[in-house]
């Protein structure tokens, strides 16, 4: 699993990259009440808006951590956004992307680098 400074994670599964928000991001958002993800077939550049997650505290844009095409949105999480808070790095994943260049995943932070980022922010993890 790789991580972005915006608290998104990416895990390559076969030819698809599964994307979600980290436990840290889910905890910061609180109770998540709404999820919107771009439609399958949507081409995204790295950093484009992949979707929006809303909680009782705030609405946050989710950015594509890599370039690619949306292959699938997690309809279970769209129908029941509480899944994101319950299992942000599991069943609460957000989307699967067909990467334009899977080597972009390798350029993201590994778990140790992400933990160091959280430590630098004074976050409990």
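Structure summary
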| read-out | value |
| --- | --- |
| Verdict on residue 79 being free of Cβ contacts under 8 Å to residues at least 24 places away in the same chain and either under 21 Å from residue 111 (Cβ atoms) or crowded, with 20+ Cβ neighbours inside 10 Å (or both) | no |
| Within the stretch 25-76, tally of residues that are assigned to a helix (DSSP H, G or I), surrounded by fewer than 17 Cβ atoms within 10 Å (Cβ to Cβ) and out of contact with any helix residue (DSSP H, G or I) (no Cβ under 7 Å at 6 or more places or on another chain) | 3 |
| Hits in the stretch 71-93 - residues which are over 17 Å from residue 28 (Cα atoms) and in contact with a strand residue (DSSP E or B) (Cβ under 6 Å, 6 or more places away or on another chain) | 71, 72, 73, 77, 78 |
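No value in this document is a laboratory result; all are computed from the given coordinates. The model shown is predicted, which means the values in this text are computed figures rather than measured ones. So basically every Cβ, Gly included, is an ideal-geometry build from the backbone, and we count neighbours across all protein chains shown.
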